[in-house]
Amino acid sequence: MAIAENDTRSQSEANEASQPVVCSYNEWDPLEEVIVGRVDGGAVPPWHVTLQAATPQESWELLKLLSGKPAPDAMVQAAQRDQEEFVKILEREGVIVRRPDPVPQTASFRSPDWEVESGYNVANPRDGLLVVGEEIIETPMAWRSRYFEMNAYRSLLQEYFKAGAKWTAAPRPQLADSLYNEDWELPEKGAPLQFAINESECCFDAADFTRCGRDLFVTRSNVTNYFGIEWLRRHLGDEYNIHEIKTQSRQPMHIDTTFVPLCPGRALYSPDFLDPSQVPEVLKSWELLPAPRPVSTMVQMIDLSSAWLSMNVLMLDEKRVVCEATQEPLIEKLREWGFEPIPCPYTNHYVYGGAFHCSTLDIRRKGSLQSYF
Ligand code: ABU
């Protein structure tokens, strides 16, 4: 129910007043409205153990050197070109695209307990906001540099709230020194995982969850702990089940390079990060499709993510899937499997730590709450 007569309502909601403005239960119902992040105003993330634990070892020295510096202009412009093409594709496919406010992330800031050289960027709305049905949840992110990131989404969140959405913020973590395992080291291949955060505070990134109607899947990672998973489980209540998927990534941060649901009954997985015989029991009835090995794409000096960003695709419905234009083996496989790939150049965006799934937040998909298991 709207709270004021002159509320700004989003375009499509005005057209179709009976449809809730925020409504998305899974990763594949027809996409109607989406937030795409922004790459301008970003900073190289300040060096921290949570950054080290999630980024390729080859990038560590440069990340330390550039820690907290504004993102170089050439990098921003190249990423902007990719993003413009992505937005054009989404609009051509009939999706309403919304953008966060251009709030620079380059200033240093502090809490009573700590200080950071800068923020990060507002390129990846998938991390700080989780949409489950008609509710939009601000997540308790573990990176100190992301503490105020949601300010860039404030006007959108208020707009959605005024138009009827349920808006929640998970408990704000203190991000005290005691949360972090400063002695984190990259585990040997096959050795048990180590995490950069412990269980002392409630933390999660939305991108560690993926939604399949009444069932959500999650990875414990360097930014998501069991405390955070339990908070979400209790918050969502009995209507939803949360299942843990154990990633074998040695530097886990976000489920969407390990396990990516494509449509009812089918999901893509990274053969490096997931052993299909180890998935939760409910997934035994699903077809798990191994993503082909990524085509090497490093175009910038720094890399913030694993090569499996190749499978960080965005479903526009059960068939249409936006994927990175250079990932030809994946595009070919998706066609073979009966999907309709829409290639889009996006390698210049990778340096912002995400591809199509990370850099979007689906606000509304046409569908209802269902069980697929
Ligand atoms: N933000 C997604 C990156 C995940 C990865 O590096 O595998």
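Here are a few things to note about the model shown:
- Normalising the average separation of contacting C-alpha pairs (under 8 angstrom, six or more residues apart) by the number of residues puts the relative contact order of the chain at 24 percent.
- Area accessible to solvent at Phe339, 1.4 Å probe radius, in Å²: 10 Å²
- ³J(HN,Hα), Karplus 6.51/-1.76/1.60, whole Hz, each residue of region 70-86, x for Gly, Pro: x, 4, x, 3, 4, 5, 5, 5, 5, 5, 5, 4, 4, 5, 4, 5, 4
- Cα-based shape type of region 311-373, given that a ≥ b ≥ c are square roots of the gyration tensor eigenvalues and the cut on a/c is 1.5: oblate
- Among Ser67, Ser296, Ser18: highest mean-square fluctuation, GNM of the chain, C-alpha pairs under 10 Å: Ser18
- Accessible-area composition of region 33-159, carbon plus sulfur, in percent [1.4 Å probe]: 49 percent
- In sequence order, region 240-257 has phi-based couplings of 10, 10, 10, 10, 8, 10, 8, 7, 9, 4, 7, 9, x, 8, 4, 6, 7, 10 Hz under the Karplus curve 6.51 cos²θ - 1.76 cosθ + 1.60, θ = phi - 60°, and Gly or Pro positions carry x.
- C-alpha center-to-center spacing [region 274-289, region 308-373] in angstrom: 20 Å
- Shape class of the chain from the Cα gyration tensor (axes a ≥ b ≥ c, square roots of the eigenvalues): rounded, since a/c falls below 1.5.
- Karplus (6.51, -1.76, 1.60) ³J(HN,Hα), θ = phi - 60°, over region 116-133, in Hz, Gly and Pro reported as x: 10, 5, 6, x, 10, 7, 10, 7, 10, x, 5, 8, x, 9, 10, 9, 10, x
- Full extension of the chain between Asp73 and Phe148 gives 24.7 nm of extra length, using 0.36 nm per residue less the Cα-Cα distance.
- Bridge orientation summary for the chain: considering DSSP beta bridges with both residues in this region, about 55 percent are antiparallel.
- Between Ile363 and Glu33, Val34, Ile35, the built amide H atoms are under 5 Å apart, and every one of these is 5 or more places off in sequence or on another chain.
- Placing R0 at 22 angstrom, the Cβ-Cβ distance between Glu58 and Trp114 gives a FRET efficiency of 0.20 after rounding to 0.05.
- Subset of Lys284/Lys333; Lys189/Lys246; Lys88/Lys162 violating a 20 Å alpha-carbon distance limit: Lys284/Lys333; Lys88/Lys162
- Shape class of region 57-171 from the Cα gyration tensor (axes a ≥ b ≥ c, square roots of the eigenvalues): oblate, since a/c reaches 1.5 or more and a/b does not exceed b/c.
- Over the C-alpha atoms of region 283-328, the Rg to Rh ratio, Rh being the Kirkwood estimate, stands at 1.03.
- Between Val218, Val122, Val87, the residue with the greatest mean-square fluctuation in the GNM of the chain (Cα pairs under 10 Å linked by springs) is Val87.
- The chain: most fluctuating residue of Met150, Met253, Met311 per GNM, C-alpha cutoff 10 Å: Met150
The values are calculated or read from the model by the stated rules, or taken from the named source; none is laboratory data. All values derive from a computational prediction rather than experimental measurement. Neighbour counts are summed over all protein chains in view; Cβ atoms, including those assigned to glycine, are modelled from backbone coordinates with ideal geometry. Quick note on the areas: whole protein, heavy atoms, side chains included, nothing else; ligands and nucleic acids left out. Shrake-Rupley method; radii C 1.70, N 1.55, O 1.52, S 1.80 Å.
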